[in-house]
1. Taking only the alpha-carbon atoms of the stretch D:263-418, what semi-axes of the equivalent ellipsoid follow from 5 times the gyration tensor eigenvalues under a square root, in whole Å, largest first?
2. Relative to 2.2 N^0.38 Å, what does the C-alpha radius of gyration of the stretch D:53-207 come to as a ratio? Two decimals please.
3. What value in Å³ per residue do you get for the convex hull of the alpha-carbon atoms in chain C?
4. Run the paramagnetic zone check for residue B:85: 7 angstrom along Cα to Cβ, then residues of the stretch A:29-47 with backbone nitrogen under 17 Å.
5. How crowded by other chains is C:187-197, given as the mean number of beta carbons from other chains within 10 Å of each beta carbon?
6. Mind checking which of C:203, C:119, C:256 has the largest fluctuation in a GNM of chain C, springs on alpha carbons under 10 Å?
7. Using only Cα atoms, locate the centre of the stretch B:220-280 and the centre of the stretch A:156-191, then give the distance between them in Å, rounded to an integer.
8. Going by average Cβ density within 10 Å per residue, which order do the peptides D:19-30, A:50-61 take, highest to lowest?
Ligand SMILES: Nc1ncnc2c1ncn2[C@@H]1O[C@H](COP(=O)(O)OP(=O)(O)OP(=O)(O)O)[C@@H](O)[C@H]1O
Ligand SMILES: Nc1ncnc2c1ncn2[C@@H]1O[C@H](COP(=O)(O)OP(=O)(O)OP(=O)(O)O)[C@@H](O)[C@H]1O
Ligand SMILES: [Mg+2]
Ligand SMILES: [Mg+2]
């Protein structure tokens, strides 16, 4: 346990160093405003990434999260605006639909033995397509409840704000960490990622767990969609395109192995914050052209991965043999 | 306009998805440089969330003004309110937003519906009373320009029953998809013999469609009329070759009027017009396409 | 090496392709009409070959990568980079062969980089290639400075729009590449070694297979294929569109490989079937085009088709024509 | 003996894989308080029967009865709820999780609905102490040796078994002390009234603890007998359907008349893996390696083979200086290596038997001199026959073969390369009597043909039987080299134990 926590600590240290370096260059980055923005602006990504963490620890992948976020936004907007639902009712419906959607994907993955990559790719097309069939326009959401939630924030000294969605993300992360590390379900997820055959022989309910994992991921993606709709007060079928890749990056930077079996929910939090930091840094810098932005993000991604490999290699002599395989 | 000299302006650009967008970026940088403005540029890679992040970042940085080319019309209330609270004027480029008008200084944009209407009107006039089957190459499904340009075009065609939109598919605003979709249309419409005109939501798709028409053994511009929007250099090159018939200009210089408005506002607080609409000028082969090509070539399209 | 038997023709990929083509034909009766025009075949079915070529070319390289239990997300970006290199070089006045060779070299270099990350630094393939997926498009835009670099070089254009014996050049290139690479892996031991690495890399190393070198080769080949696809696509539209060339095509390529029956868990692979997978995807796209669906349904139709094809292929769903399979393969192997 | 009711019973169970009948209406049952040994050759169907009895497979015919009542066991979890605990063949645990979690997965102690790690680890410590294991229950399982993992698997199964405990070759990777400890535990459980199924290829062990024995052959039930009514030879005859002669223990001595030196390792070693050692190996000689589990025997072999290359010392081959930096070098020098963990490092599960056999030869030939299909079939067929590999077809995936047959495939793989020096790490682990004798015979034959071999084995009788010299290892160090006439297991044990600290793992 203690040794395996080292990559997490390492990622956190990298974040702190990177942040410190940024602050040296742009003192403004050390403001409550920027810190608050880190949470608010990345809330939907963070929430989706929690679900992705579970999926990846179990050895799978979920490419549909970005589309589910978009779909949820549209669904909610339509329910509230056109059909007159109360937002809370719309939320419940959206979470339910997403739950079914995820369960269906998990079902196909488990029972038909189709790779998750492909099933969730089809899911990605389906959700995105479904959203654009409902409406092609972006639909603004006007409801008092949305304003109430939007105003629900803690103002920090120095102009920063700790928004409702930022706090929600933290709650989801804490809940996710608890679920992963302190429940049987969590241990089953790790078991599946370690070795599904062994897991099944050890009595892990593989089918049920697989279905639940993808349900969880889709429902968290839907929650992320809700957060996104709060963030933008609208539903838009093209919203959150490619967020799955950001989420995967965050999860991986956070120290979770894509091969499954190892990872930390809180590592993902640091991963999300690191991605946010990179973006904020680029914005503060403000001289990078469109293409340099991409190149710099790629290079930073590379640096983080390599750094992590070095730390992994140094910290896990026991993992050596399995790593080599 | 010296009052802009030395100011810091943040510019949140959508991305770099097309040549036109690249031109807008480079023209904006040029304009800023001419005025001595320190431009903070942020590319949002087509994502609204990145634009919101960028605006928040600009606010945290304490810039003097913010320009944003919003990727979508909705969802700006909160962040614009934050900018307002921080007393930073915001100027919208390209398109408007669905937010209360007091949240931004002004919006410099073209009228996309009008662009479609101008293109449609040109076609109506060019065809006269003859029957004409039109095929349409739409932009990215769900994007604002695609929706508006489609609507404007349909408005222009309304009431002219000899003109029908036979087929309409998305070409994703790209040249290669434009070509592929046009190929499909040609096969589906009797080898292209039934098609009298193609309307593309941007010039890139039109350029692709022109190639598809040529590959099918037909003459673009004559056998099938080509009308599109944006006025990028390559469509003028096609006009010179007699392969394109009309394009509607969407100027990449949104920043110039924006900076002018900002300057006036900062000088004595004159509130500029809320909506500065750029001209949607129609260009045809009669408008010296070679000259237009040459003047535009250097703009970074 | 593999004998042709009726069983091989009745495999699910071929059935699926035929199925999709038949559906297209039902929706659009002229689908199979082919005419001869300007020295080339002309018709929807030819379009399927022509438009399917880039993804097919990508799939050829991707198959090897996936067989080693990897995946290459960067091929779309590499396409953009290589298209940009070829275009800017011919525009700058270099002779076409030089430009093409340079573009292919750049593609191989990109692939080698991926291979290095995967084989030497032991980074997981998805992440390793994600780096170039993100940065590569930036590099391509850096080369073109964000604009579409239009060119008029006839030799280069021929690669994308010309025809050989009436068949579109892109399809001919894809076919040639398919035959070449298939022969390369089947007539040598490389194919077996690739499978061995995909199944059990530790055991492969102990059995004396140079897995590092082979992995680098596989990723380099994928980069090469991406470069070919990038050149073909640029040549097709006579311009390098760094922003959109190959955008999201990596997903189509992976899909093609999986539809072609290669498992994402590595091991057995078939390049020709992956190419058929690419044609299935393109037949779907072309079908959507000619049948006149409203575009907002495109994705839903596509998702539905993918699920259907996967169901047909799933070992856990029994369909009439699958029942015969085991006995046939067994008989053939004896 | 106690004629109680069967707690777990298979009645007329049939299992068919593809066209192959792995079990053909087999009857089998266990009673409380009895140890029931299940015997049979490799591929006889033992593991398959176990998997059916525990819900991992569903039978194609027949019934499973729990407490005399027909039951459909849907999965292992379901079986666990019936009080059936199982250790499957090949360690099936989670290397990525802690020891404690492997012990308690699915049954973790909870507090307020949350897993109580502290209690779980404390419980785990107590549980493992019973098996003489003192380690940090919070540590990752994958970091421990196969033996430790095996004990954890057993401890888990025992903890889960309220009624029935099934052990499929649990002793394959345990040393003597550990086996004894396990037998004590089994005896306790038997006294508590558990029904125990025990699969092994070690007849000594069968006679040490079993009450009853059932023999399977080719998927069919041969006979179930009370153990006191059969002799050792009877059992072997039942298993094989014929008599075999045991090769008696020979003296350990140099057989090779030419005495030609093949390999000279000098100060050869690798930091943190194996201390520098000197070793000379002659042609036509088998060097046995003995030592406790975790004494570094595997590490030594891997260093020699270049899998984890040496970072010190020198090597001469046929008198000429040579360097082995990787496995390709080693194979180039005509080395061969059968690893101990055949699942993780040996077989290519999804590849065919044919491909598994020819792959090392092909690796040696390189990328471009590919064996064509006919050549492959010829080579594979030759070894399939000479090693008696039981497979329905040479084109079937090797993962479908039984463990023993997989081992033969790997051995064939190396023999196909015609090696000058062959390293075998636990070549007889999990192999039945017939195959065992065959492999020992093969080793002897190869030695007589002039091949040099290094054989690692925990079976001291066996090591004595074929070795011309025995190297003893302790704590990653070569501590003794035994040769001469009067070497027997006792002497080896003494050499191993020549040091007071001999705590396992
Ligand atoms: N999943 C499977 N698919 C096909 N055949 C199988 C499968 N599992 C086992 N077999 C075959 O069934 C037969 C019985 O195998 P099983 O593993 O039960 O043997 P075993 O008696 O346990 O042998 P060993 O002592 O080597 O472990 C073998 O011929 C094996 O090849
Ligand atoms: N529980 C453990 N935790 C950490 N390291 C261990 C443990 N058990 C053994 N090791 C180390 O692993 C190394 C390799 O053991 P190795 O497998 O080579 O031994 P071996 O003699 O071949 O035993 P085996 O019979 O299990 O193959 C040894 O150096 C030993 O110190
Ligand atoms: Mg067995
Ligand atoms: Mg060992």
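Readers should treat all values here as calculations from the given coordinates under stated rules, not as data from a laboratory. Quick caveat: nothing in here was measured; it's all calculated off a predicted structure. Quick reminder, even Gly has a Cβ in these numbers, built from the backbone with ideal geometry, and neighbours come from all protein chains shown.
1. Values: eigenvalues 183, 64, 36 Å².
That gives 30, 18, 13 Å for the three semi-axes.
2. Details: Rg = 15.8 Å, N = 155, 2.2 N^0.38 = 15.0 Å.
The value comes to 1.06.
3. Details: hull volume 49.0 nm³, N = 334.
That works out to 147 Å³ per residue.
4. What the label zone holds, given the 17 Å backbone N cut-off, is A:31-42.
5. Numbers: counts 3, 6, 12, 3, 2, 11, 6, 0, 5, 8, 1.
Rounded to a whole number, the mean comes out at 5.
6. So, out of C:203, C:119, C:256, the one fluctuating most is C:203.
7. A separation of 48 Å, based on Cα centres.
8. Details: D:19-30: 19.8, A:50-61: 28.8.
Highest-to-lowest ranking by the protection proxy: A:50-61, D:19-30.
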